[in-house]
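I have placed the structure first, in the form of structure tokens, so that the comments after it can refer back to it.
Derivation of every value follows stated rules applied to the coordinates shown; laboratory data play no part. Worth saying up front: this structure is predicted, and the values here are computed from it rather than measured. Backbone-built Cβ (ideal geometry, glycine too); neighbour counts: all protein chains shown.
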Amino acid sequence: VDGILEAVAVLPFDLEAASVHARIWADLASGGRLIGAHDLLIAATGYMVGTALALVPKLQAKGISAGVMDCYTIPAPMDVIFAAAERHGNRILTMEDNFRGGIGSEIAEAAAETGKLKVHVLAVDKVP
């Protein structure tokens, strides 16, 4: 971490910067186009975590910012996942390296009860 902080200039996020950010974000949101960590949460398991992390720059190139969460336990901590989803536009993409019925299904089922989250599950449908 220290090496990263030495290589990157850390600028203060003061009231002026916060005001500019809020104005830009509000303008984009009013046009239906959110930016930053407000686009998508990718909840991944197993080796798909690495795949999800590799996907982030490709999404950024298309103007989509995504956060990645490693959901390595079942049952998943839905309170943590849903809190992260709220910071990511209430949109979750699940990615798992197994058949349906795993973490994606668990998140989708719990999200259906909230009525406010959009979940898309990517999982194995059949063995080639």
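Some points to look at:
- Maximal additional length on extending the residue 80-residue 56 stretch stands at 6.6 nm, based on 0.36 nm per residue less the C-alpha distance.
- Computed from the C-beta positions of residue 97 and residue 19, the FRET efficiency with R₀ = 41 Å rounds to 0.40.
- Sites listed here are trypsin sites (Lys or Arg not before Pro) in the range 67-128 whose DSSP assignment is loop and whose Cβ has at most 15 other Cβ atoms within 10 Å: 87, 100, 116, 126.
- Summed side-chain charge close to residue 93 - residues other than residue 93 whose Cβ falls under 12 Å, Lys, Arg +1, Asp, Glu -1: 0
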